[in-house]
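In what follows, a structure is listed as structure tokens, so that the remarks can point back to it.
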Amino acid sequence: MLAAPLSLPSGEQGLVQTTMRAIAPPSVFGDASEKPPSVASNVPEARSRGDSGDSGDRVRPAGAQSAERALDILEAIAEHPMSLADLAAHVGLSSTTCYRLTSALVARRLVANAGRRGYSLGERVSELALAAAEQRAMRGRH
């Protein structure tokens, strides 16, 4: 006997159904030869922010949002070092979210905490720039 259906947000409903199909015997959900849909097909989508912070028309996987926000932070810091408060305001994020993403960038050495001067680009950015220049030079030789 199955329990009464749960009331879940639409994005989570599909994920729960996919998980149930994956763990339940095939006879519960239909033909044994039928494969359950992949979990990745049920990842909720999010709308991207435009330059003004508005919801844009592009649709992308929700996981890309953190990457885009981290890149926004890197681009802002590339303009000049900034305090966390200034950085959060510049990229349009809460200070908590900005701190979480900036901490991840610091851990990867892409951003450096310069104390009172705020955050600046980290050593890893220079290393990546050098690697990119070397790759461009190699392409020019072939």
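At-a-glance table
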| item | result |
| --- | --- |
| Residue check for residue 112: in a helix (DSSP H, G or I) and touching a strand residue (DSSP E or B) at 6+ places or on another chain (Cβ under 9 Å) | no |
| Residues being within 21 Å of the chain's Cα centre (by Cα), part of a helix (DSSP H, G or I) and without any contact (Cβ under 8 Å) to a residue 24 or more places away in the chain - total across the range 115-142 | 2 |
| Among residues of the range 74-94, those that are touching a residue at least 40 places away in the same chain (Cβ under 8 Å) and either surrounded by 13 or more Cβ atoms within 10 Å (Cβ to Cβ) or over 16 Å from residue 118 (Cβ atoms) (or both), counted | 3 |
| Matching residues, the range 79-94, being in contact with a Lys or Arg (Cβ under 9 Å, 6 or more places away or on another chain) and assigned to a helix (DSSP H, G or I) | 91 |
| Residue that is farthest from residue 65 (Cα to Cα), among those in the range 95-109 that are touching a residue at least 12 places away in the same chain (Cβ under 8 Å) and part of a helix (DSSP H, G or I) | 106 |
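Laboratory data are not the source of any read-out in this text; all were calculated from the coordinates shown. These figures come from a predicted structure and were not determined experimentally. Using ideal geometry, Cβ is built from the backbone for each residue, glycine included, and neighbour counts are taken over all protein chains shown.
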